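Structure record follows, encoded as C-alpha cells.
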Amino acid sequence: MVDLRTKLSSLDLDNPLIPASGCYGFGQDFAPLYDLNILGSISFKGTTVEPREGNALPRIAECPMGMLNSVGLQNPGVKVVVEEELPALKKIFHKPLVANISGFSFDEFSILAEEMDKVENVGLLEVNISCPNVHNGGMAFGTDAKNVAEVCKRVKEKTKKPVYMKLSPNVTDITEMAKAAEAAGADGISLINTLLGMRIDIKRRRPVLANKVGGYSGPAVFPIALRMVYQVRKAVQIPIIGMGGIASAEDVIEMMMAGASAVEIGAENLVHPYVCRDILENLPILCEELGISSLQEIIGIID
C-alpha cells in the first residue's frame, strides 16, 4: 500500500490533491460527479471583501494547451461566503478547506483574514497577491517584495491559521518574493498563479478578451510552474503548494519531486471534470511502478 498522506504546516491531508481556487467554485457543481471527500482539501472561489460581478465579457479564451481568463474575481463577497457558501459546502465536504482571499488594499487583506479565522472548516489561508494595490498606483502586490511582506504581516496579525502566500509568476525573480514572504512569517508558499497572456481576433482586429489581457493556465504552463517550484524550494524552508498545468498523476509526482508538499489542480477541471478523481485512482498505481512507498520520500528530492 502506498502512503499518499502529506502535511501543510499544521494541516494533515489524506492525499496531496486540492482543486485550485477559481476552477472549482464552492464545490457544488462537482459534488454530483464524485464524493468530494476523496480530495485532500479544496481551495474555494477567491473571496473579496465586497461582492464582485467580475470583468466584462468576453473573459475566457481558448489557447493551445490551455486557456486565458480575465474573470475578475467574481464572487458574492466575504459575508455571503462565510454565512452561506461555506456552511453549505461543509455539509458535503467534511475536511478543512483552503480559503483563497484577495484584497485590493492592506486593510482588505486584514478584514478577510479576520473573517476566515472565525470559520471552523477553514484550515489554511491562501493569500492571492496578484491583485492590483488600488492605493499604490494599481501595481499588483505580488510584484513588489515589500508589498508581499506587508500583506503577509497584516494577514498573520489577524489569524492563527497557517498563511500561504500565493505568488505571481509575472516577476523577474520568483525567489525574491518567496524569501520576502518567509521573512514576514509566511507558513508556506503557493505557486504559480497564472501567467499574463493575450490573444487577438485577426478578423475583428481586436483583442479576444474585453480586458485585452488575462491569465494563461493549462498544461502549457506546467514546465514553467515546475521550474519555479524547484527554485523556491531551494530558496526557502517553508512548505509549498505547487500548481500550474497539472493534469495527470505523472505531473503530481514531478511537482512533488521538484519540492511541492501538495498540489492544486486548476484549469484541467474545466475540460475534464473527473480529473481529480482519476489522478487519485492512478497515483498509487504509478507510485508502485516507481517504487515509491510514501509521497513523503520524494518531496524536493531533485538537487
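For the stretch 196-212, state whether one or more residues are under 16 Å from the mean Cα position of the chain (by Cα) and of a type outside the set (A, V, I, L, M). Checked against the condition, which is being under 16 Å from the mean Cα position of the chain (by Cα) and of a type outside the set (A, V, I, L, M), the stretch 196-212 yields no hits at all. Taken together, Glu108, Glu83 contain a single residue that is acidic (Asp, Glu) and more than 20 Å from the chain's Cα centre (by Cα), which is Glu83. The criterion of at least 1 residues that are of a type in the set (Val, Ile, Thr) is met, among strands (runs of 3 or more DSSP E) falling completely within the stretch 193-303, by 213-217, 240-243, 262-265. A Cβ distance below 7 Å, combined with a sequence gap of six or more or placement on separate chains, defines the contacts here; from the stretch 240-255, residues that are in contact (Cβ under 8 Å) with a residue 40 or more places away in the chain and more than 19 Å from Leu8 (Cα to Cα) reach residues that are of a type outside the set (S, T, N, Q) and not in a strand (DSSP E or B) in the pairs Gly245/Gly218; Gly245/Pro219; Gly245/Ala220; Gly245/Val221; Gly245/Phe222; Gly245/Ala225.
In the stretch 180-198, the residues that are under 18 Å from Ser70 (Cα atoms) reach residues that are in a loop (DSSP other than H, G, I, E, B) and open to solvent by less than 30 Å² (accessible area, probe 1.4 Å) with C-beta atoms within less than 7 angstrom, at least six apart or across chains, in these pairs: Ile192/Leu167; Ile192/Pro169; Ile192/Gly244; Asn193/Leu167; Asn193/Ser168; Asn193/Pro169; Leu195/Pro169. Can you name the residue in the stretch 118-143 that is among the aliphatic types (A, V, I, L, M) and either open to solvent by 10 Å² or more (accessible area, probe 1.4 Å) or assigned to a helix (DSSP H, G or I) (or both) and, of all such residues, is nearest to Leu167 (Cα to Cα)? Selected residue: Ala140. A Cβ distance below 9 Å, combined with a sequence gap of six or more or placement on separate chains, defines the contacts here; from the stretch 100-128, residues that are free of Cβ contacts under 8 Å to residues at least 24 places away in the same chain reach no residue that is part of a strand (DSSP E or B). Where strands (runs of 3 or more DSSP E) fall wholly inside the stretch 1-117, the ranges with 3 or more residues that are surrounded by 14 or more Cβ atoms within 10 Å (Cβ to Cβ) are 6-8, 17-19, 60-63, 66-69, 97-102. Which residue is nearest to the chain's Cα centre (by Cα), if the candidates are limited to the stretch 240-292 and must be on the phi > 0 side of the Ramachandran plot and open to solvent by less than 30 Å² (accessible area, probe 1.4 Å)? Residue satisfying both the conditions and the ranking: Gly244. Tallying residues that are open to solvent by 30 Å² or more (accessible area, probe 1.4 Å), touching a strand residue (DSSP E or B) at 6+ places or on another chain (Cβ under 9 Å) and of a type in the set (S, T, N, Q) within the stretch 144-178 yields 1. Contact map, the stretch 203-227: residues that are open to solvent by 60 Å² or more (accessible area, probe 1.4 Å) paired with residues that are hydroxyl-bearing (Ser, Thr, Tyr) and not in a helix (DSSP H, G or I), Cβ distance under 9 Å, separation 6+ or inter-chain. Pairs shown: Asn211/Ser70; Lys212/Ser70.
The values are calculated or read from the model by the stated rules, or taken from the named source; none is laboratory data. Fair warning: this is a prediction, and the values are worked out from it, not measured in the lab. Cβ: placed from backbone, ideal geometry, glycine included. Neighbour counts: every protein chain shown. All accessible areas refer to the heavy atoms of the entire protein, side chains included, with ligands and DNA or RNA removed. Shrake-Rupley method; radii C 1.70, N 1.55, O 1.52, S 1.80 Å.
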